[in-house]
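J.: Quick one: the structure is below, questions incoming.
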Amino acid sequence: MDNVTAKHPIPNLPVSNRPKLVILGGGFAGLKLARKMVKSDYQVILLDKNNYHQFQPLFYQVATASLEPSAISFPLRRVFHHTPNVSFRMAEALEIDQDRKRLYTNVGYVDFDQLVLAMGADTNYFGIQNIMEYGTPMKTVSEALYVRNRIISNYEKAINIEDVEQRKALMNVVIVGGGPTGVELAGAIAELRNNVFPKDYPELNFKNMRVVLAEAGPKLLAGMSKQSSEKAVVYLDKLGVEIMVNAAVEDYDGLTIKIKDHESLDTKTLLWAAGVKPNHIKGLREDQMIRNGRLIVDQYNKLKGAEGIYVIGDLCVLTDDDYPKGHPQVAQVAIQQADNLAHNLKAVADNRSMKKFKYKDLGSMATVGRKLAVVDLPFIKFQGFTAWITWLFVHLMAIVGVKNRILIFMDWAWNYLSFDPALRLLIRPRYVKPKEQEELVEEKHD
């Protein structure tokens with residue numbers, strides 16, 4: 001931490017006598033909480049390293065050229081127009097001083113009465129250095145756009161290569177991780193191979209292109225019902241996706257993937273969707289976290305052994321009788337925790353009693369290709385076209401912003417009717433001078 005951020009408060013924040021609530025992270029949890037605290041008795045300061053909220057469930061559609069990045073991103077400042085008690089700052093958090101109740105960022109420090117950590121999770125490479133070096137994650141909009149560029153760039157190269165084996169490595173796509181992201185990505189890429197790429201690159205033989213989905217566990221969609229898992233396999237099989245289960249990736253050198261108890265695969269495109277790990281910040285103690293780095297909270301989402309610090313979303317682990325190992329790291333948990341915490345913070349301001357968090361499982365779903373999906377609701381499980389329509393509706397309604405909903409609906413309607421996504425553009429970033437990198441290029445974290 002440099003002397004500037006250590007010595008100076010964040011400039012130009014409104015002066016207020018209200019208790020100061022600092023929310024770190026503008027994802028599902030942080031944004032929901034900030035919106036719930038509009039017109040509350042708190043001065044709310046929302047911090048995020050990006051100036052937009054990103055809708056993670058649709059990253060794979062950006063990666064496969066079905067949606068533009070701006071359709072699933074929403075400016076955070078726009079959410080808080082005409083909300084005098086809420087301020088947003090684009091800042092990267094560096095360290096918490098728990099005793100002084102102070103948060104240090106790259107633009108200065110801010111003192112807080114209540115601090116909420118909602119920084120979410122990042123890609124987990126499980127300690128495999130080469131995967132981190134050569135694999136491609138998909139946890140941000142910019143990473144999804146990079147995946148799109150990588151795939152299109154490979155075909156533009158492949159069409160100019162004479163050697164068939166070299167072309168195969170450029171054309172093959174291997175997705176690691178059989179959760180909803182991996183399944184949705186595999187289905188979308190297989191449909192591009194089957195219906196779109198042959199029209200773009202008629203000189204290439206797409207029978208040579210393999211789309212492989214590798215899952216370390218015994219089944220796909222492990223968090224969903226057996227019925228949905230099996231149906232997803234049927235749908236992916238029809239699309240021509242090669243499914244490997246009990247297939248733990250051991251290494252990757254940028255060309256060859258080594259998979260335990262399976263054949264090695266050659267590809268220039270390894271898409272890593274195999275797991276997440278919590279984002280970290282300095283100033284937290286070892287006794288406040290479990291082995292994988294998630295922060296221990298009580299039934300009110302209060303950080304263990306801390307005063308005035310709360311943690312919500314993927315970053316925290318809250319155990320109860322129903323979830324002895326903690327809740328699943330999904331958007332619904334984050335949103336419900338934010339909702340409950342907003343109630344509790346208002347209760348604290350009014351000297352009312354707080355309410356314990358109780359997760360209500362609303363179900364889970366995954367889409368497989370253009371017209372098929374699997375849906376598990378608490379009261380019914382169904383698959384196929386009806387499930388796909390349900391998936392479309394739920395995700396459309398969850399998007400922030402009316403304009404975004406309209407854009408996405410139009411894109412989906414066009415893609416469904418024509419099945420010719422119009423975003424297959426290779427827009428490469430301009431070279432950035434070293435002195436400009438910090439401002440203009442997203443870091444790749446370990």
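The values are calculated or read from the model by the stated rules, or taken from the named source; none is laboratory data. Note that this is a predicted model, so its numbers are computed, not measured. Positions of Cβ are backbone-derived with ideal geometry, glycine not excepted, and every protein chain shown enters the neighbour counts. Side chains included, ligands, DNA and RNA excluded: accessible areas come from the protein's heavy atoms. Shrake-Rupley method; radii C 1.70, N 1.55, O 1.52, S 1.80 Å.
J.: Once the Cα atoms of helix 226-239 and of the chain are each reduced to a long axis, what angle between those two axes, in degrees from 0 to 90 to the nearest 10, is obtained?
T.: Relative to the chain, helix 226-239 is tipped by roughly 40 degrees.
J.: In addition: If a/c stays under 1.5 just call it rounded; otherwise compare a/b with b/c (prolate if a/b is bigger, oblate if not). Do that for the range 289-381, with a ≥ b ≥ c from the square roots of the Cα gyration tensor eigenvalues.
T.: Prolate shape, in that a/c is at least 1.5 and a/b is the bigger ratio.
J.: Roll a 1.4 angstrom probe over the protein heavy atoms and tell me the percent of accessible area of the range 1-88 that is carbon or sulfur.
T.: 49
J.: In addition: What net charge do the residues around Thr386 carry, taking every other residue with its C-beta under 15 Å from that of Thr386, with Lys and Arg at +1 and Asp and Glu at -1?
T.: +3
J.: Under the Karplus relation 6.51 cos²θ - 1.76 cosθ + 1.60, θ = phi - 60°, what is the ordered set of whole-Hz ³J(HN,Hα) values for the range 210-216, x standing for Gly and Pro?
T.: Result, ordered by residue: 9, 10, 10, 10, 10, 10, 5 Hz.
J.: Take the alpha-carbon centre of the range 78-138, take the same for the range 152-179, and report the distance between them in whole Å.
T.: So the two Cα centres are separated by 36 Å.
J.: So how many Å³ per residue does the convex hull of the Cα atoms of the range 128-258 work out to?
T.: That works out to 110 Å³ per residue.
J.: Output ³J(HN,Hα) for the range 343-356: one whole-Hz value per residue in order, computed from phi by the Karplus curve 6.51 cos²θ - 1.76 cosθ + 1.60 with θ = phi - 60°, and x for Gly and Pro.
T.: Residue by residue, the range 343-356 yields 4, 5, 5, 5, 5, 4, 5, 9, 6, 9, 6, 8, 10, 5 Hz.
J.: Turning to a different aspect of this structure: For the range 17-149, what is the Kirkwood hydrodynamic radius in Å, using each pair of distinct C-alpha atoms?
T.: On the way: mean 1/r = 0.0615 Å⁻¹.
Over the range 17-149, the inverse of the mean reciprocal pair distance is 16.3 Å.
J.: Kindly write out, for the range 165-180 in residue order, the coupling ³J(HN,Hα) from the Karplus curve 6.51 cos²θ - 1.76 cosθ + 1.60 (θ = phi - 60°), rounded to whole Hz, with x marking Gly and Pro.
T.: So the Karplus estimates, Gly and Pro as x, are 5, 5, 5, 4, 4, 6, 8, 5, 10, 10, 10, 10, x, x, x, x Hz.
J.: Ordering Phe126, Phe59 by accessible area with a probe of 1.4 Å, largest first, what comes out?
T.: Ranking Phe126, Phe59 by accessible area, largest first, yields Phe126, Phe59.
J.: Sticking with this structure for a sec: Which lysines have a Cα less than 21 Å from the Cα of Lys157, not counting those fewer than 8 places away in the same chain?
T.: Lys168, Lys199, Lys207, Lys268
J.: Among Ser228, Ile243, Ile259, flag the residue with its Cα farthest along the positive direction of the charge dipole of the range 219-268, charges on Cβ as +1 for Lys/Arg and -1 for Asp/Glu.
T.: It is Ser228.
J.: Once ligands and nucleic acids are excluded and a 1.4 Å probe is used, how much of Asp350 is accessible, expressed in Å² to the nearest 10?
T.: 80
J.: Let me check I've understood the local charge: for Gln227, count other residues with C-beta under 9 angstrom from its C-beta, Lys and Arg +1, Asp and Glu -1. What total comes out? Could you put the intermediate results ahead of the total?
T.: Numbers: positive: Lys226, Lys231, Lys381; negative: Glu230, Asp376.
Computed value for this residue: +1.
J.: Out of every Cα-Cα pair in the range 45-109, what percent are more than 15 Å apart?
T.: 62
J.: Something else: Give the lysines reachable from Lys360 as a straight Cα distance under 18 Å; neighbours fewer than 8 places away on the same chain don't count.
T.: Lys32, Lys325, Lys381
J.: If you don't mind, another one. Over the chain, average the accessible area per residue using a 1.4 Å probe and give it in Å², no decimals.
T.: Each residue of the chain exposes 49 Å² on average to a 1.4 Å probe.
J.: Please list the non-local residues whose amide H lies under 5 Å from the amide H of Met289, H modeled 1.01 Å from N, same-chain partners needing a gap of 5 or more.
T.: Distant-sequence amide H within range of Met289: Ile296.
J.: If you don't mind, there's one more thing I want to ask. In whole angstrom, how long is each semi-axis of the equivalent ellipsoid of the range 349-420, when you take the square root of 5 times every eigenvalue of its Cα gyration tensor and sort them from largest down?
T.: That gives 32, 20, 6 Å for the three semi-axes.
J.: I'd like the orientation of helix 385-398 relative to the chain: the angle between its Cα long axis and the longest Cα principal axis, in ° from 0 to 90, rounded to 10.
T.: Result, in degrees: 30.
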